[in-house]
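Take a look at the structure set out below.
The values are calculated or read from the model by the stated rules, or taken from the named source; none is laboratory data. These numbers come from a predicted model, not from an experiment. Every residue, glycine as well, gets a Cβ built from its backbone with ideal geometry; the counts of neighbours run over all protein chains shown.
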Amino acid sequence: MRINILTPGRFHVCDLARELSMLGHEVRFYSYVPKFRTSQFGLPPQCARPVWTLGLHYLIARLTGGSFLGDKANNFSIWLMDLIVSETMEPCDIVIAMSGCFYRSVVLAKKKWNAKILIERGSRHIQSQKKIMDQVCANLNKKAVTVSNSAIFRELRDYAVADIIVVPSHHVFKSMIEEGVSAKKIFRNPYGTSLIHFKPTIAPPLAPLVICMAGTWSYRKGCDLLSQALYKSTYQLVHVGILGDCPFPRLENFKHIGKVDQTQLALIYAQAHLFVLPSREEGMALVLGQALACGLPIVCSDKTGGEDLMEILTPTEKKLITVVPSNDVESLKRGIEKVVEIARQQKGLRQISNNSLEKMSWRAYGNRYNQFLETLTT
């Protein structure tokens, strides 16, 4: 099949492009990411179609600090990339586009080549996402635009034009149904994990006991809940990623490490005893699969995709993932204590079965996607 993949950044669809190309499809990956970068993730150079102008948005957004002008710059860059892609896109049978970004392009592909349109939505339905984050702001007595009207408009427009909306987890699937999307229009395919970068690790010494959290330190990720759960704790928390809208505790047992490359991230996982992610709203966190591939037991909320990850594990391995209700400090505390005991029992090489690892690989993700595409074109 001729498959055009449209995305502002690399995201998970770069891995998808690589896997579909390896399966013999003619794949074109339209993004702002330069070829040398996508090549680092295994995408054949002939598949890359970089759109350089979009990189200007990120510079403008940084300079404006996410202000109103930043939002305007974001809207403009989305419009500009959609325009450029619609004018330069090659004929195709399938378009896979990140949600809220490529309306003009997908409409053209459907009209001109009768292409099937798949919209990738990594988070919950945009309306559900807004409700959750608006409630967070209300609880904090903060006045903020959590999801812009322009983002809502673009997302809903894409949901309507799509033949299929692709989601990564059960809770995202459920949010779509709750907001009126037909189940027949949704394909759930949990994300994969790089088994090249993330491998089984040796359990580190138990003192001090280290808890790792990776991702933006933000209210969306439930980091305020994590701070409360570990306040006055004897455990050490290591955070990897950028600091967002949530204050980072100035405590001796809280350590912040900035954003790192995947190879460095695996080294940090190797030094931790367990992984925690209490997000209030997140489609399916790639870091969960990464940590699990390294052998770490996990505590996560019911809005991170952890339950989908648990499905691939054998009955004896399922204990490695503890899912707790989102936005609940006490449940988070209990979950951490439960998983700490599991971590204490790990000795030597921490690993899950090869069969489970293969099911959570990008290759398995690509094969599931490929099988679904075949049903669309037969």
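The condition of being closer than 23 Å to Val210 by Cβ and not in a strand (DSSP E or B) holds for only one of Gly335, Gly283, Gly366, that being Gly335. Would you check if Val181 is surrounded by fewer than 23 Cβ atoms within 10 Å (Cβ to Cβ), outside any helix (DSSP H, G or I) and within 19 Å of the chain's Cα centre (by Cα)? In short, no. Selection within the stretch 204-236: residues that are of a type in the set (Gly, Ala, Ser), more than 22 Å from the chain's Cα centre (by Cα) and within 15 Å of Lys333 (Cα to Cα). The member of this set that is surrounded by the fewest Cβ atoms within 10 Å (Cβ to Cβ) is Ser233.
Inspect the stretch 172-191 for any residue being of a type in the set (Phe, Trp, Tyr) and in contact with a Pro (Cβ under 7 Å, 6 or more places away or on another chain) and give the result as yes or no. Taking every residue of the stretch 172-191 in turn, at least one turns out to be of a type in the set (Phe, Trp, Tyr) and in contact with a Pro (Cβ under 7 Å, 6 or more places away or on another chain).
For Gly289, the test of being outside any loop (DSSP other than H, G, I, E, B) and touching a Ser or Thr at 6+ places or on another chain (Cβ under 6 Å) is passed.
One residue stands out in the stretch 87-105 among those that are in a loop (DSSP other than H, G, I, E, B) and among the charged types (D, E, K, R): the one that is nearest to Tyr32 (Cα to Cα), namely Glu90.
Residues in the stretch 23-56 that are aromatic (Phe, Trp, Tyr) and at pLDDT below 95 were compared, and the one that is surrounded by the most Cβ atoms within 10 Å (Cβ to Cβ) is Tyr32. Six or more apart or on different chains, Cβ under 7 Å: which pairs go from a residue in the stretch 237-254 that's in the same structural domain as Tyr219 (by TED's automatic domain parsing) and in contact (Cβ under 8 Å) with a residue 24 or more places away in the chain to one that's among the aromatic types (Phe, Trp, Tyr) and outside any loop (DSSP other than H, G, I, E, B)? Could you list them? The qualifying pairs are Leu237/Phe254; His239/Trp217; Gly241/Trp217; Leu243/Trp217; Gly244/Trp217; Cys246/Trp217; Phe248/Trp217; Phe248/Phe254. Only residues that are surrounded by 22 or more Cβ atoms within 10 Å (Cβ to Cβ), part of a loop (DSSP other than H, G, I, E, B) and of a type outside the set (Gly, Ala, Ser) were counted in the stretch 264-279, giving 2.
Residue-by-condition table, conditions (1) of a type in the set (Val, Ile, Thr); (2) on the phi > 0 side of the Ramachandran plot:
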residue: Val210; (1), (2): yes, no
residue: Gly222; (1), (2): no, yes
residue: Leu226; (1), (2): no, no
residue: Ser233; (1), (2): no, no
residue: Gln236; (1), (2): no, no
residue: Pro247; (1), (2): no, no
residue: Lys259; (1), (2): no, no
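Evaluating Asn141 against the criteria (1) on the phi > 0 side of the Ramachandran plot; (2) under 19 Å from the mean Cα position of the chain (by Cα) leaves one unmet condition, (2). Annotation for the stretch 80-91: no member residue is of a type outside the set (Asp, Glu), under 25 Å from Lys221 (Cα atoms) and in contact with a strand residue (DSSP E or B) (Cβ under 6 Å, 6 or more places away or on another chain).
Say we look at the stretch 293-329 and pick out the residues that are farther than 19 Å from Arg188 by Cβ and either hydrophobic (A, V, I, L, M, F, W, C) or not assigned by TED's automatic domain parsing to the domain that holds Ile352 (or both); which of these is surrounded by the most Cβ atoms within 10 Å (Cβ to Cβ)? Looking at the filtered set, the residue picked out is Val299.
Suppose the filter is without any contact (Cβ under 8 Å) to a residue 24 or more places away in the chain, surrounded by 19 or more Cβ atoms within 10 Å (Cβ to Cβ) and farther than 25 Å from Arg10 by Cβ; does Lys143 pass it? Here the answer is no, as Lys143 does not meet what is asked. Just the residues that are part of a strand (DSSP E or B) and touching a residue at least 60 places away in the same chain (Cβ under 8 Å), please, taken from the stretch 189-222. Result: Thr193, Thr201, Ile202, Val210, Ile211, Cys212, Met213, Ala214.
Pairs meeting the criteria (first residue in the stretch 1-21 and more than 18 Å from Cys92 (Cα to Cα) and without any contact (Cβ under 8 Å) to a residue 12 or more places away in the chain, second residue aliphatic (A, V, I, L, M) and part of a loop (DSSP other than H, G, I, E, B), beta carbons under 9 Å, at least 6 apart or on different chains) are lacking. Residues that are surrounded by fewer than 20 Cβ atoms within 10 Å (Cβ to Cβ) and assigned to a helix (DSSP H, G or I) within the stretch 106-127 comprise Val107, Leu108, Lys110, Lys111, Lys112, Trp113, Gln127, listed in sequence order.
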